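The values are calculated or read from the model by the stated rules, or taken from the named source; none is laboratory data. Keep in mind that this is a model prediction, so the values were computed, not measured. Cβ: placed from backbone, ideal geometry, glycine included. Neighbour counts: every protein chain shown.
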Amino acid sequence: MPQKVLAGRAADASLHDDLVQVKVDQVVLTRAPARAVAEAHLLGLKKTPVEIAVAYDSVCVSDATTVAMRAQGHDSSVPPEAPAHGILVARPGVGFAAPVHLERFASPARLAVTDDPRMCFVGGIGMLSLLVGPGQLAQALTSGSVTLRTPRSIQILLSGRVRPFVCARDVALELLRRGIGDTVRRIDATYGAPVVIEFAGPSARLLSVPERAVLCAIAPAAGAASAVFVSDEKTEAFLRDQRRSKAHRSLAPDAGAPCEDVLSLDLSTVDPLLMDTRGEIKSVRDLAGTPVQQVLLGGDSGATLRDLLAAASLLKSKRVPPRLDFLVAPPSRQVLEVLAHAGALVDLVATGARLLEPDARVISGELYPPGPDVTSVRTCDPDPAPPGTHPFIVASAETLAYAVATGEIGDPRSFKRPVRVTVPRVFPTEDVLFVRPRKSEASATKSDRRAAPVDAPAWTADLDLPLKTAVDRPRTPLAPHAVLLRSDDAIRRLAFDAPYLAGSVRAVIAPFIPSDVACVLTALGIAAFRGDSSALETLAQTPGIVLPAPASWPEGGALRVTAGSTEVALQWLGKPAEKKWLISGTARPAPKSKT
């Protein structure tokens, strides 16, 4: 299915080349909107030709630091001139970016490019979302097309029917427990291409679009570039309820279409599960009786509207234990309104819930972090956290309801009587918190432009780089250096912080780097390398390395670099066509001459 989406937008429908030029339908900016728009200015952006471009302002809780960052035009802020370029602006409070985009803009069989790995959530509607660098986003905003690596596919066939008290969150955790991440890693390393998970099978039609989105949200944790579901009558019904019927297109895998692997999952075999603080998937019964001090229901993934309604019903007439904080973060403004009209919000507040604003820092743990001796249980997928951050347990909404009712972890099937939930068929779709482009703005002079983005310096000679073992998001560019990372979580964090590393990090070395992350790093002028255990051990004892200029690198990506008094062998994870990105320090194409 991913190849089908791309083939219809590429000049070469066979997708034989490592890099293909494809037409983009949507651009979604959440992590660094100001940088992408600033890079597009350098390419001469006037009005974007893409179908939809949206910039999400995800900071709801302001403090002195965030106010100063906005005033200075920080990369994470939304530039005020965005509407003049045809870019919609989602104001703070509209909701978390991924669920809001699913409701209001995502369309099946379309292609979206983004700077946020969590946007793979929109695959639940049949939309392919791919992570790219700021220079590629600028190219998409300016020309309506972008250069991408051709992905590979893993197909997951769903059968059976979920049992009572088993949610889509449990199914997602079951997929991770069965080793889908190992399969993704094997295929990525074999082909050097991003891997997209596609869901199909007879039971796919039994899942609602929000439940499908919860399954697609596991892609970053599995090391995949994205995930996508079939688009069928359930998708059409969802769009009709959102008053967007015209956006529907069918999408299904062709009979006999090749894919790199096929996995099967019987939904009737899934039990209530959780992910513990070490990232291991376990049955809820394995941690039964563990006292809980914090519960966060909602967030941008892991809990659908149906799940929130079920949790409210299970907790009706109950009271939160005295030493437990019950936090509720509705995924979107639409969900909040439906909960209010259905009376579920009243039930949650009567239980003792505290409502949170949809600030992205709630998901990352910067707001309401669990304490050092606090057991926190949440429905949302965790962001890769920096060292020193206290992790939390991930579980389904009904498991969280049991924790609120009893003050400890336990099997939600202990409620005995399954709750019956009726999800409304008519949803509020008033986009009051969206700033839409106006004709008067489109012709206005854009005098409030931000400073040019910081690119990596051109790489035309050997680089002698100090070697660090951690990546910190710098507030100002640091001296060029290389980074040695040993954990998958640290590599995942690279994908989230990549736009802020340009000009500081020049090389990343690790046992494994997903191809989509390697491509984003290369687009920022950062070389991504894979090394075996002996090479990594040698580098761990070396204060620095010397990297030759990319123009001299041999074909095939094999490279010998100087580490102190020895040489080590590394594998460059870029493609030959991407070498020019490293040399110039950016994937942003040269602006067209005005003469």
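So is residue 22 within 24 Å of the chain's Cα centre (by Cα), closer than 25 Å to residue 577 by Cβ, modelled with pLDDT of 90 or more and not small (Gly, Ala, Ser) or not?
On the way: within 24 Å of the chain's Cα centre (by Cα): yes; closer than 25 Å to residue 577 by Cβ: yes; modelled with pLDDT of 90 or more: yes; not small (Gly, Ala, Ser): yes.
For residue 22, the condition - within 24 Å of the chain's Cα centre (by Cα), closer than 25 Å to residue 577 by Cβ, modelled with pLDDT of 90 or more and not small (Gly, Ala, Ser) - is met.
Hey, residue 31 hits all of (1) basic (Lys, Arg); (2) crowded, with 18+ Cβ neighbours inside 10 Å; (3) more than 24 Å from residue 362 (Cβ to Cβ) but one; which does it fall short on?
So residue 31 meets the others, but not (3).
Can you find a residue that is within 27 Å of residue 434 (Cα to Cα), surrounded by 24 or more Cβ atoms within 10 Å (Cβ to Cβ), of a type outside the set (Lys, Arg) and in contact with a Lys or Arg (Cβ under 8 Å, 6 or more places away or on another chain) anywhere in region 303-319?
Among the residues of region 303-319, at least one is within 27 Å of residue 434 (Cα to Cα), surrounded by 24 or more Cβ atoms within 10 Å (Cβ to Cβ), of a type outside the set (Lys, Arg) and in contact with a Lys or Arg (Cβ under 8 Å, 6 or more places away or on another chain), which makes the answer yes.
Return yes or no: is residue 138 assigned to a helix (DSSP H, G or I) and of a type outside the set (Val, Ile, Thr)?
Working: assigned to a helix (DSSP H, G or I): yes; of a type outside the set (Val, Ile, Thr): yes.
So residue 138 passes the test.
Taking region 529-545, which residues are surrounded by 14 or more Cβ atoms within 10 Å (Cβ to Cβ), more than 20 Å from residue 581 (Cβ to Cβ) and not small (Gly, Ala, Ser)?
Step one: list which residues in region 529-545 are surrounded by 14 or more Cβ atoms within 10 Å (Cβ to Cβ), which gives 529-531, 535-536, 538-539, 542, 544-545.
Of the ones still in play, those that are also more than 20 Å from residue 581 (Cβ to Cβ) are 531, 535-536, 538-539, 542, 544-545.
Selection gives 536, 538, 539, 542, 545.
Among the candidates 94, 132, single out the residue that is among the β-branched types (Val, Ile, Thr) and within 17 Å of the chain's Cα centre (by Cα).
Working: 94 fails: within 17 Å of the chain's Cα centre (by Cα).
Only one candidate passes the filter, namely 132.
Would you kindly identify the helices (runs of 4 or more DSSP H) lying entirely within region 322-396 that contain at least 2 residues that are surrounded by fewer than 22 Cβ atoms within 10 Å (Cβ to Cβ) and in contact with a Lys or Arg (Cβ under 8 Å, 6 or more places away or on another chain)?
Correct list: 344-351.
So for region 183-198 (the condition being out of contact with any Phe, Trp or Tyr (no Cβ under 6 Å at 6 or more places or on another chain) and over 20 Å from residue 3 (Cα atoms)), does at least one residue qualify?
No, every residue in region 183-198 fails to be out of contact with any Phe, Trp or Tyr (no Cβ under 6 Å at 6 or more places or on another chain) and over 20 Å from residue 3 (Cα atoms).
Just to be sure, is residue 60 in contact with a Cys (Cβ under 8 Å, 6 or more places away or on another chain) and either of a type outside the set (Gly, Ala, Ser) or under 27 Å from residue 428 (Cα atoms) (or both)? So that I can check it myself, show each step before the final result.
On the way: in contact with a Cys (Cβ under 8 Å, 6 or more places away or on another chain): no; either of a type outside the set (Gly, Ala, Ser) or under 27 Å from residue 428 (Cα atoms) (or both): yes.
It is false that residue 60 is in contact with a Cys (Cβ under 8 Å, 6 or more places away or on another chain) and either of a type outside the set (Gly, Ala, Ser) or under 27 Å from residue 428 (Cα atoms) (or both).
Condition first: among the charged types (D, E, K, R) and under 24 Å from residue 375 (Cα atoms). Now tell me which residues in region 314-346 satisfy that.
Of all residues in region 314-346, those among the charged types (D, E, K, R) come to 316, 318-319, 323, 325, 333, 337.
The answer is 316, 318, 319, 323, 325.
Mind telling me which of the residues 511, 591 ends up being more than 18 Å from residue 472 (Cβ to Cβ), surrounded by fewer than 19 Cβ atoms within 10 Å (Cβ to Cβ) and under 28 Å from the mean Cα position of the chain (by Cα)?
Numbers: 591 fails: under 28 Å from the mean Cα position of the chain (by Cα).
It is 511.
Residues in region 545-569 that are assigned to a strand (DSSP E or B), at pLDDT below 90 and out of contact with any Lys or Arg (no Cβ under 8 Å at 6 or more places or on another chain): how many?
7
Mind checking which residues of region 516-537 are out of contact with any Asp or Glu (no Cβ under 9 Å at 6 or more places or on another chain) and either in a strand (DSSP E or B) or of a type in the set (S, T, N, Q) (or both)?
Once the filter is applied, which keeps residues that are out of contact with any Asp or Glu (no Cβ under 9 Å at 6 or more places or on another chain) and either in a strand (DSSP E or B) or of a type in the set (S, T, N, Q) (or both), region 516-537 yields 527, 528, 529, 530, 533, 534.
Note down all Cβ pairs under 7 Å where the first residue falls in region 338-364 and is at positive phi, the second is exposed (fewer than 15 other Cβ atoms within 10 Å of the Cβ), and they're at least six residues apart or on different chains.
352/319
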